[in-house]
Amino acid sequence: MKKVYFKTFGCRTNIYDSQVMMSALSEYEITQNEDEADMIVINSCTVTNGADTHVRSYISGVEKSGSGAKLFLTGCGAHTKGESLLKEGRIHGVFGQSEKEKIDTLLKKEQPFYDPGDLNHIDDMIVDDFVGKSRAFIKIQEGCNFRCSYCIIPFVRGDARSMDESKILEQITRLALNGFGEFILTGTNVGSYGVDTKTSLAQLMKKMSQIRGVRRIRLGSVEPIQITDEFKEILDEPWMEKHMHIALQHTSPTMLKLMNRRNVYKQDRELFEFLANKGFAIGTDFITGHPGETPELWEEAMQNARELPLTHLHAFSYSKRDGTPSAHMKQEVNGKLAKQRLHEIEGLVAQKNYQFRKNSSQPLDVLIESCKDGLYHGLDQHFNKVILSAKEDLVGNWIRVEHYRVEEDTTYANIEV
């Protein structure tokens, strides 16, 4: 059988989509060794110019290696860069997310092809394993109804639509039986789950928690307005990971309006303080250098960020995406300056994370994910990395760590098993 290697870029939704393709594959062998692959499926990201560059660089690397592997492109980049890569002869086939369950048929095609599919598709495949993962990623919805001025994603993922609840629960049941205990809910806009099916994210999570074997549930990024009163009722549940990632994108009210965001900073701060008082670590998304971000607005944003109880950050400098309103806005910010601002807010939140870990004295519940150079790596209930030394193999195990050492880079522990 010919061997297929899957190279995944971008978000957790792409990780899930790659797993769907692996599960649908029946006439080929999956390999985790890129060098022995006859075919490589590139699940791409296009959220920024940098994401596009990473994909192109990867393709160049494969070409230079002389492996002769046949390349296929899917993911969000299929809709924005697929046709040009196909015309350049660098890719054998391009297909959209809606076509991924036809992977066997697509890989057989002798002639180069472009099959973008549609943006209304909802997955109905049940995934019961995650190759090479100790945590399970569960896609619960697809698409986004928000129209933030800088974002291309709704145009490559479509409008928000929820997965069938029964299939989500069946999938989690199977994965739990296969030994998975931590589940990460993902999607293009996770918090919009249930809006179209008259249910809610909180109701889904309650049902998930009742499945035998489910130990910890974690969310992908949600919007501030999606933390409803109903959702707040589940925050104290023992299965709820003590980490929330809530997308702000900025903390200057003026910039939020320019970005066509729905959140309001004053309310954001009240929400973050409410969650922090409940012991949550809190992460956010942030964009620096968006058009209109004057020095005064940047200083306002940093002052606000200093006041927020932040512990984690997913930030990047603004990247112009053709077809979005922001691409036509004036008062552009120099790219070098945008990077400086990026590093400034990253440094601030890194220090906040260090203080959060130093101020905590509670035991850490760690799921061990990997072993590198004789040390075990895992994530605790606050989504902080923990590195442990131990005499026995711990990969895949849950470990309660009572005594640990907090350093700026990470948390360390030495345990006897």
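For the stretch 160-187, which residues satisfy the criterion of being farther than 25 Å from Lys242 by Cβ and either in a loop (DSSP other than H, G, I, E, B) or within 20 Å of the chain's Cα centre (by Cα) (or both)?
Correct list: Ala160, Arg161, Ser162, Met163, Asp164, Asn178.
Within the stretch 165-222, track down each residue that is small (Gly, Ala, Ser), without any contact (Cβ under 8 Å) to a residue 60 or more places away in the chain and either farther than 24 Å from Ser18 by Cβ or in contact with a Phe, Trp or Tyr (Cβ under 8 Å, 6 or more places away or on another chain) (or both).
Result: Gly194, Ser200, Ala202, Ser209, Gly213.
Determine whether the stretch 379-396 contains at least one residue that is basic (Lys, Arg), closer than 20 Å to Lys352 by Cα and either at pLDDT 95 or above or not in a strand (DSSP E or B) (or both).
yes
So Thr188 clears everything in (1) surrounded by 20 or more Cβ atoms within 10 Å (Cβ to Cβ); (2) farther than 27 Å from Lys81 by Cα; (3) hydroxyl-bearing (Ser, Thr, Tyr) except one condition, right? Which one?
The failed condition is (2).
If I ask for residues that are within 22 Å of the chain's Cα centre (by Cα) and not hydrophobic (A, V, I, L, M, F, W, C), which ones from the stretch 229-259 would you list?
Passing the criteria: Glu241, Lys242, His243, His245, Gln249, His250, Thr251.
Give the stretch 390-401 a look and list any residue that's surrounded by fewer than 12 Cβ atoms within 10 Å (Cβ to Cβ) and more than 19 Å from Arg215 (Cα to Cα), or say none.
Listed by number, the residues that qualify are Lys391, Glu392, Asp393.
Looking at Ser67, Ser98 in this structure, which one is farther than 28 Å from Leu219 by Cα, surrounded by 13 or more Cβ atoms within 10 Å (Cβ to Cβ) and at pLDDT below 90?
Being farther than 28 Å from Leu219 by Cα, surrounded by 13 or more Cβ atoms within 10 Å (Cβ to Cβ) and at pLDDT below 90 holds for just one of Ser67, Ser98, which is Ser67.
Here is a yes/no grid of residues against (1) at pLDDT below 95; (2) among the charged types (D, E, K, R); (3) touching a His at 6+ places or on another chain (Cβ under 9 Å):
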position	(1), (2), (3)
Met240	no, no, no
Ser252	no, no, no
Met259	no, no, yes
Lys266	no, yes, no
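Tell me, yes or no, whether the stretch 249-256 has at least one residue that is more than 23 Å from Tyr16 (Cα to Cα), outside any helix (DSSP H, G or I) and touching an Asp or Glu at 6+ places or on another chain (Cβ under 6 Å).
Yes: one or more hits.
Here is a list: Ser370, Ser360, Ser319. Which entry is hydroxyl-bearing (Ser, Thr, Tyr), under 21 Å from Ile184 (Cα atoms) and either buried (at least 16 other Cβ atoms within 10 Å of the Cβ) or not assigned by TED's automatic domain parsing to the domain that holds Leu256 (or both)?
Ser370
Checking the condition surrounded by fewer than 17 Cβ atoms within 10 Å (Cβ to Cβ), polar (S, T, N, Q) and modelled with pLDDT of 90 or more, which residue from Thr74, Thr105 passes?
Just a single option satisfies the conditions, and that option is Thr105.
Kindly list the number of the only condition in (1) on the phi > 0 side of the Ramachandran plot; (2) out of contact with any Gly (no Cβ under 8 Å at 6 or more places or on another chain) that fails for Gly213.
It fails just one condition, (2).
Among the residues in the stretch 280-288, are any part of a helix (DSSP H, G or I) and not polar (S, T, N, Q)?
No, that holds for no residue.
State all residues of the stretch 402-417 that are of a type in the set (A, V, I, L, M), loosely packed, with under 14 Cβ neighbours inside 10 Å and under 18 Å from Lys352 (Cα atoms); if no residue qualifies, say none.
Answer for the stretch 402-417, where residues must be of a type in the set (A, V, I, L, M), loosely packed, with under 14 Cβ neighbours inside 10 Å and under 18 Å from Lys352 (Cα atoms): there is none.
The values are calculated or read from the model by the stated rules, or taken from the named source; none is laboratory data. In this text, all values refer to a predicted model and were calculated from it rather than measured experimentally. Virtual Cβ from ideal backbone geometry, glycine too; neighbours counted across all protein chains shown.
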